[in-house]
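Note sheet for the following structure.
The values are calculated or read from the model by the stated rules, or taken from the named source; none is laboratory data. Just so we're clear, the structure is a prediction, and the values are computed from it rather than from any experiment. Cβ placement follows ideal geometry from the backbone for every residue including glycine, while neighbour counts extend to all protein chains displayed.
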Amino acid sequence: MPRRAALVLLVVLAAACSSDPPEYRVTLDTDLGREPAIQMPDGEPPGELLVQDVVTGEGEVLREGDTFTVHYVGVSWQRREIFDRTWPGEPASFGWDGVIDGWRRGIAGMRVGGRRGLVVPPELGYDDGETMIFVVDLLGVQRPAEVGAGAGEAPAP
């Protein structure tokens, strides 16, 4: 049976009636060999980028400007459905400037072999009014000098 980890993201929101901050609990599998099951909280999404390592990798560190290879799944908070994913297919490779700002801010410093959860507000995503939850497994990093001319990249998440 796979281990499970609770990705707990706490956000303090100003509330006129309550001094207790809401708690956002997204439960994710720690098994990097398969697509994570995501259990979403009820209620309104947070208004800021939330980042949490579910599994800390031990490989190279992802830096600004790198090309990287990932498995990922993206879920709309409002629609509560998967809108994009690489599973069960092949991983995808992206250039640093080929992903949304929420990804660049959220995966910078991640290590190869890790799994990270992101809650991305609309202004750091597609600016379509939707908050998105992404779970990203970092599989590989290529430094700019290592990326060959004509290397293909998948469309941005």
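Hey, can you tell me all the residues within the stretch 48-67 that are within 13 Å of the chain's Cα centre (by Cα) and either of a type in the set (Val, Ile, Thr) or not in a strand (DSSP E or B) (or both)? LEU49, VAL51, VAL54, VAL55, listed by residue number. Within the stretch 47-69, the set of residues being over 11 Å from ARG116 (Cα atoms) and among the hydrophobic types (A, V, I, L, M, F, W, C) comprises LEU49, VAL61, LEU62, PHE68. GLY106 meets all of the listed conditions (1) at pLDDT 95 or above; (2) part of a loop (DSSP other than H, G, I, E, B); (3) at negative phi but one, namely (2). Checked against (1) part of a loop (DSSP other than H, G, I, E, B); (2) at pLDDT below 95; (3) under 30 Å from ALA145 (Cβ atoms), ALA15 passes all but a single condition, namely (3).
Going by what's in this entry, would PRO122 be described as modelled with pLDDT of 95 or more, surrounded by fewer than 20 Cβ atoms within 10 Å (Cβ to Cβ) and in contact with a strand residue (DSSP E or B) (Cβ under 8 Å, 6 or more places away or on another chain)? For PRO122, the condition - modelled with pLDDT of 95 or more, surrounded by fewer than 20 Cβ atoms within 10 Å (Cβ to Cβ) and in contact with a strand residue (DSSP E or B) (Cβ under 8 Å, 6 or more places away or on another chain) - is not met.
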